[in-house]
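The values are calculated or read from the model by the stated rules, or taken from the named source; none is laboratory data. As the structure is a prediction and not an experimental result, all values here were calculated from the model. Ideal geometry is used to build each Cβ from the backbone, glycine not excepted, and the neighbour counts take in all protein chains shown.
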């Protein structure tokens with residue numbers, strides 16, 4: 001399953017373009033979570049950062065199990081994750097908002 005760029009449900013961004021603009025406008029950028037440094041989704045997000053010049057702050061978790069709860073709680077601004085994991089973790093009607 002391909003990764004999905006997902007933002008915190010209350011994010012001001014409603015598109016990838018808006019997410020990148022928001023990241024560039026904030027002095028400390030936007031935080032994103034991954035299953036740890038060097039993982040494929042960490043690299044994918046870093047490639048997005050490098051290609052666009054957006055300001056992202058990496059928050060590594062010990063495995064993928066910590067990313068979805070952090071996103072749903074608003075502890076991180078966004079994540080590149082699998083939608084199945086996100087919905088399974090939330091177990092609910094709200095699975096964040098995919099861009």
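General observations
- Residue 69 meets all of the listed conditions (1) touching a helix residue (DSSP H, G or I) at 6+ places or on another chain (Cβ under 9 Å); (2) part of a strand (DSSP E or B) but one, namely (2).
- Enumeration of residues in the stretch 72-94 that are at pLDDT 90 or above, out of contact with any strand residue (DSSP E or B) (no Cβ under 7 Å at 6 or more places or on another chain) and assigned to a loop (DSSP other than H, G, I, E, B): 74, 75
- Within the stretch 1-21, tally of residues that are over 12 Å from residue 74 (Cα atoms) and either assigned to a loop (DSSP other than H, G, I, E, B) or at pLDDT 90 or above (or both): 13
- Exclusive hit being crowded, with 18+ Cβ neighbours inside 10 Å and in contact with a helix residue (DSSP H, G or I) (Cβ under 6 Å, 6 or more places away or on another chain), set 41, 48, 30: 30
- Here residue 24 fulfils each of the conditions (1) assigned to a loop (DSSP other than H, G, I, E, B); (2) over 12 Å from the mean Cα position of the chain (by Cα); (3) at pLDDT 90 or above apart from (1).
- Residue 54 being more than 17 Å from residue 3 (Cα to Cα), in contact (Cβ under 8 Å) with a residue 12 or more places away in the chain, surrounded by 14 or more Cβ atoms within 10 Å (Cβ to Cβ) and touching a helix residue (DSSP H, G or I) at 6+ places or on another chain (Cβ under 8 Å): yes
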